[in-house]
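Here is the structure we will look at.
The values are calculated or read from the model by the stated rules, or taken from the named source; none is laboratory data. Everything numeric in this text was worked out from a predicted model, so none of it was measured. For neighbour counting, all protein chains shown are included, and Cβ atoms are generated from backbone atoms with ideal geometry for every residue, glycine included. Only protein heavy atoms, including side chains, enter the accessible area calculation; ligands, DNA and RNA are left aside. Shrake-Rupley method; radii C 1.70, N 1.55, O 1.52, S 1.80 Å.
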Amino acid sequence: MNDEQLLRYSRHILLDPIGIEGQDRLLASRALIVGAGGLGCPAALYMAAAGVGTLVIVDDDEVDLTNLQRQVLHRQHSVGRAKVESAREALHDINPGIEVIALKTRLAGDALREQVEAADVVLDCSDNFATRHAINRACVAARTPLVSGAAIRFDGQVSVFDSRNVDAPCYHCLFPEGGDADEVRCAVMGVFAPLTGIIGSMQAAEALKLLAHTGQSLAGRLLLLDALGMEWRSITLPRDPACEVCGPRT
Ligand SMILES: [Zn+2]
């Protein structure tokens, strides 16, 4: 790190569990953030500010007026622009020392696999089950840790699925595909603005810990937030030995 970086990241370096070594790891890391919406915006903000060296942000959507209530990277003047371009500009304003790669696409197939393999951590900030399952499959195959978040109405959830650990469940162990979980979207159901900030920030926290090799991750636990009552619940997640995505493993 040069003098400016030592200063910029000094409040991390002061933390024993991070220190110079952990900050160096962040600077050398590459994170894939899928979705530049309610969760992806706060997650990307903290990842960029904290100095994750390369951020790949993927989203195929444009900024809409209804996004501005919670998607804090985007501005009034960005309505109509690609979300990833708006996000890249905002992140560059905060930290010009990192590289932000903006992909205006819906990643699938080989392109998804390549991005997941290249990443040290993946943040699922998407809003639909098909994407979530596709990301999970790619993460299990590449053994890339996945930080998963969701927010709808006043309900949030966050967990880590880390298939480098043979005992840890994957997203599919928890939510089997074709299950009876109804797809509920913010567009129809509404979402409390700061809930997305809380959950997205927690995704950044888990991702930064994984990248810095510090602390204990949420792997094997699901945190559920009821923001109306402001109550957290923690549920232990067992791995499904019959999971068609991650099991059986050796
Ligand atoms: Zn599984």
Highest-fluctuation residue, 124, 162, 24 considered, GNM on the chain with Cα pairs under 10 Å: 24
Distance between segment 141-157 and segment 56-86 - C-alpha centres, whole angstrom: 20
The chain - Debye-derived log10 I(q)/I(0), Cα point model, q = 0.08, 0.12, 0.13 Å⁻¹: -0.29, -0.66, -0.78
Check: segment 41-146 dipole with +1 on Lys, Arg Cβ and -1 on Asp, Glu Cβ, in debye: 180
Percent carbon-and-sulfur accessible area, segment 1-107, ignoring ligands, DNA and RNA, probe 1.4 Å: 50
Per residue Cα convex hull volume in Å³ - calculated over segment 140-250: 116
Overall dimensions of segment 33-130 by Cα: Rg and Dmax, Å: 12.5, 35
Cα centre as origin, Lys/Arg/Asp/Glu Cβ charges: the chain dipole, Debye: 180
Nearest-20 debye value, segment 27-101 charge dipole, Cβ charges on Lys, Arg, Asp, Glu: 200
